[in-house]
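Encoded as structure tokens, the structure appears first; notes follow it.
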Amino acid sequence: MEKCSGTTKATSKKRNASSTEASLPDCKKLKSKDGGKTSSNKVQNKEKTKMEKVSSKKKHKFLGSTEVSQSSKHASKKKIQDGWLEVTKNDKGQLLFKDFPQFQPNMSPKEVLQAGSFGGTYFRPIYSSVTKQHCEDEWKELPEDWLKGLNVPTQVASSTYRDRVNTYKVKCGGSLEMWESSGWIVTQDPYGWFQWYCRFYQGRRTKDDERQIGRWAKCAGVKGRWRNNLITKVVRSGCGFDNPTVSPVVRQTLQHWGYRLTKEDYKEGAKRVKPK
């Protein structure tokens, strides 16, 4: 019994020592004579460099792609993240995309969502007659900070349209079925233009970009239909360019296309408005 007891104590001490050693940082266990540098740090630095090279290769490969993979949602999400580009604004508040300088919305996808848009329904569960599939939880591919402070079930993915969710408290826009029957929806973005915009903003590039940017230009660009419609109504109302009571439906529509009328754009556009 004495022997067993002694063995038990020795084993216990050995376990405690092993446990203590395991809890120590690697730099203490593997400390060398070279001023505190460790083999652990060398291994970590080597792995970090290796990962950076792999990440860089993936990023450049993706940004050069002109195709959209139709594989799993996870693969699509990963490609968007790998292809992330930092987007900045110029002194006019316009977003800058170096590869598409003609595309100049002044609201990012995050700003569109945070402002209150689509009656809270954009990323609702849908059945796409284009892909012949049910789609849901597409909002989960968005960066978390885009959704910060929002109630997803009522402000992002609701099946019930709520006017009060919108910035201007009005309803606007056609149905998904209408957009599909008009031929505006393609398989890679079954929800439509704003889904394309979210993915484009995050770095994805596809063959459909020119078409979608062209649609934006016809709606909210310098010669865009709804942008100039709003400018004309403001001029003839005698109100300020940012008066929300002047055509709130058009203002909400433009917001869904990533644009909000600015004083500078209003002054320039007002020059082209013909008197009644």
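What the table below lists for this structure:
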read-out	value
Hull volume in cubic angstrom per residue (convex hull over the Cα atoms of the stretch 73-270)	121
Rh (Kirkwood; distinct C-alpha pairs) - the stretch 190-276, Å	13.9
Protection proxy ranking of 128-141, 203-216 - average other beta-carbon atoms within 10 Å, highest first	203-216, 128-141
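Read-outs: derived from the displayed coordinates by stated rules, not from any lab. Worth saying up front: this structure is predicted, and the values here are computed from it rather than measured. With ideal geometry, Cβ positions are generated from the backbone for all residues, glycine too; neighbour counts draw on all protein chains shown.
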